[in-house]
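Novice: Below you'll find the structure I mean.
The values are calculated or read from the model by the stated rules, or taken from the named source; none is laboratory data. This one's a predicted model, so the numbers in the text were calculated from it and none came from an experiment. Cβ coordinates were reconstructed from backbone atoms using ideal geometry, including for glycine residues, and neighbour counts include every protein chain displayed.
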Amino acid sequence: MKSIIIKIAVALFMLISFSGAANAQPELPADFGAKGALKDSSITFDEALVYAIQDEYLAQARYDAVIAKFGNIRPFSNIKAAEQQHISALVALFQKYNKQIPEDNAKQFVTAPDTLKKAFNDGVQAEIDNIAMYDKLKTIPNLPEDAKMVFTQLGNASKNHLRAFQRGAGRN
């Protein structure tokens with residue numbers, strides 16, 4: 001009898017442990033998106049493209065999660081559409097310079113926040129990081145002019161997104 005109880009206890013422990021692990025969200029790698037770019041002390045053009053598209057993938061995944069939880073609300077729905085345009089602009093650079101486009105695996109690093117207020121605040125921080133990333137990427141030596149122009153445009157768009165999230169955070 002004691003042996004059966006121990007086996008059941010072990011089985012329950014394993015079931016609980018594995019079910020928690022299956023639902024756990026992997027931590028964002030330190031070298032991913034804006035956070036990675038901001039920590040990198042010597043970014044190449046190829047790396048800049050990867051950091052930029054990863055961050056745009058991440059933004060789109062965040063806003064998808066917020067919309068899935070809270071509904072199709074503004075500015076998340078509008079900015080989600082803008083993120084797709086940002087991704088398209090970066091894809092054009094990848095194609096022009098014959099670079100491999102990274103897989104969009106950002107959804108694995110994102111969950112919806114508990115409150116709409118937190119979603120707005122997270123949006124504010126994400127856009128601040130995104131703007132800082134593009135400011136840094138524009139300074140890469142020998143950066144092609146078209147890439148500098150795209151990085152400038154995307155950084156400027158993020159400034160508009162930042163203002164929208166700041167307004168939302170102030171209302172909620």
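Novice: Which condition number in (1) surrounded by 20 or more Cβ atoms within 10 Å (Cβ to Cβ); (2) at pLDDT below 90; (3) among the polar types (S, T, N, Q) is the one that GLN54 fails?
Specialist: All conditions are met except number (2).
Novice: Would you pick out the residues in the stretch 70-103 that are surrounded by 13 or more Cβ atoms within 10 Å (Cβ to Cβ), among the charged types (D, E, K, R) and not in a helix (DSSP H, G or I)?
Specialist: Answer for the stretch 70-103, where residues must be surrounded by 13 or more Cβ atoms within 10 Å (Cβ to Cβ), among the charged types (D, E, K, R) and not in a helix (DSSP H, G or I): just LYS99.
Novice: What pairs can you find where one residue is in the stretch 119-133 and among the aromatic types (Phe, Trp, Tyr), the other is assigned to a helix (DSSP H, G or I), and their Cβ atoms are less than 6 Å apart, with a gap of 6+ or different chains?
Specialist: PHE120/PHE165; PHE120/GLY168; PHE120/ALA169
Residues checked against (1) crowded, with 18+ Cβ neighbours inside 10 Å; (2) under 20 Å from ILE87 (Cβ atoms); (3) out of contact with any Cys (no Cβ under 6 Å at 6 or more places or on another chain):
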| site | (1), (2), (3) |
| --- | --- |
| PHE109 | yes, yes, yes |
| THR115 | no, no, yes |
| LYS118 | no, no, yes |
| ASN121 | no, no, yes |
| MET133 | yes, yes, yes |
| LYS138 | no, yes, yes |
| PRO141 | no, no, yes |
| GLU145 | no, no, yes |
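Novice: Is the stretch 144-151 home to any residue that is assigned to a helix (DSSP H, G or I) and among the β-branched types (Val, Ile, Thr)?
Specialist: yes
Novice: Can you find even one residue in the stretch 1-16 that is outside any helix (DSSP H, G or I), modelled with pLDDT under 65 and over 21 Å from PHE120 (Cβ atoms)?
Specialist: Yes - at least one qualifying residue is present in the stretch 1-16.
Novice: Now for a separate question. Pick from the stretch 17-41 the residues that are over 25 Å from GLN95 (Cβ atoms) and at pLDDT 80 or above: which of them is surrounded by the most Cβ atoms within 10 Å (Cβ to Cβ)?
Specialist: Filtering first and then ranking leaves LYS35.
Novice: From the residues in the stretch 42-51 that are hydroxyl-bearing (Ser, Thr, Tyr) and either closer than 18 Å to LEU90 by Cα or at pLDDT 95 or above (or both), which one is surrounded by the most Cβ atoms within 10 Å (Cβ to Cβ)?
Specialist: Filtering the stretch 42-51 down to residues hydroxyl-bearing (Ser, Thr, Tyr) leaves 42, 44, 51.
Add one more test, that the residue is either closer than 18 Å to LEU90 by Cα or at pLDDT 95 or above (or both), and what stays is 44, 51.
On the way: THR44: 13, TYR51: 25.
Checking each candidate, the answer is TYR51.
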